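Undergrad: Shown below is the structure under consideration.
The values are calculated or read from the model by the stated rules, or taken from the named source; none is laboratory data. All values derive from a computational prediction rather than experimental measurement. Because the Cβ atoms are built from the backbone with ideal geometry, glycine has one as well, and the counts that use them run over all protein chains shown. Areas reflect the complete protein model, heavy atoms only, side chains present, ligands, DNA and RNA absent. Shrake-Rupley method; radii C 1.70, N 1.55, O 1.52, S 1.80 Å.
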Amino acid sequence: MKNADDFLKKYTNLNNIDIEEKQGEAQIEEFDKTKTKILKYVLYKKRTESEVRQKFSSSVEENLLEDVIENLKQNNYINDESYINRAVDEYLAINTLSIKEIRNKLYTKGVFNDIIDTYFSNNELKLEEYEINCAKKIIIKKQTQMDRTQIEQFLYKKGYKSNLIKIAFEE
């Protein structure tokens, strides 16, 4: 009888270990599958952490999503600071946006205010120079249609700083 009991204990124990191993393997497989899906999303176009959370929060279990995002952040696939650098460089090259408009675009992408503020304070001169140049372009473009006051109001409504608008008119 003792041998039968020992056998059952060992067999039950082995079954429990097998079940735990299979569950662990399934979790690793699920993690890898989810990581691959999110990585494809991030590599297609750089995304902020917030964009990733928003996209996958309804289809991926919260703890798993948290682990995958943390892994991708550690491997620098998700990095809001580098996202800001790249996005602002694109905005500066393509658009005539005010600093306020750029800030709002980043905010709508889900980048935290403290990260945005740090970037803008570190690059204040560059951004102000850009804003002056954009204001000049708009002034030249609008001169035939509007008088100075109307152009100033137009720029101010777009978020241009009044002191930079004056500089743009003077240059």
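Undergrad: Which one is right for this structure if Rg/Rh (Cα atoms, Kirkwood Rh) is calculated from it: (i) 1.35; (ii) 1.01; (iii) 1.50?
TA: The calculated read-out lines up with (i).
Undergrad: Averaging sequence separations of C-alpha pairs under 8 Å and six or more residues apart, then dividing by the length of the stretch 34-85, give the relative contact order as a whole percent.
TA: 49 percent
Undergrad: Using Stokes-Einstein with the Kirkwood hydrodynamic radius over Cα pairs, what translational diffusion coefficient do you get for the stretch 108-171 at 4 °C and a viscosity of 1.567 mPa s, in µm²/s rounded to a whole number?
TA: The calculation lands on 101 µm²/s.
Undergrad: Another question, if that's okay. How tilted is helix 113-122 with respect to the longest principal axis of the chain? Cα atoms for both, answer in degrees (0 to 90, nearest 10).
TA: Tilt of helix 113-122: around 50 degrees.
Undergrad: Let me ask something else about it. Per residue, how much accessible surface does the chain expose to a 1.4 Å probe? Answer in Å², no decimals.
TA: 69 Å²
Undergrad: Here is a follow-up. Normalising by the residue count of the chain, find the relative contact order in percent from Cα pairs under 8 Å and 6+ residues apart.
TA: The value is 19 percent.
Undergrad: On to the next question. For n ≥ 4 DSSP H runs only, could you compute -39500 (n - 2.57) per run for the chain, divide by its residues and tell me the 222 nm figure to the nearest 500?
TA: Values: 9 runs with 137 residues, N = 171.
That comes out to -26500 deg cm²/dmol.
Undergrad: Another question, then. Which entries of Lys35/Lys126; Lys73/Lys126; Lys45/Lys100; Lys73/Lys161; Lys126/Lys157 have Cα-Cα distances beyond 31 Å here?
TA: The answer is Lys35/Lys126; Lys73/Lys161.
Undergrad: Now for a different question. Label 7 Å along Cα→Cβ of Lys126; the stretch 85-118 residues with amide nitrogen under 15 Å?
TA: So the set is 85-94, 99, 103, 116-118.
Undergrad: Summarise the accessible area of the stretch 28-151 (1.4 Å probe, protein heavy atoms) by the percent that is carbon and sulfur.
TA: It is 48 percent, rounded to a whole number.
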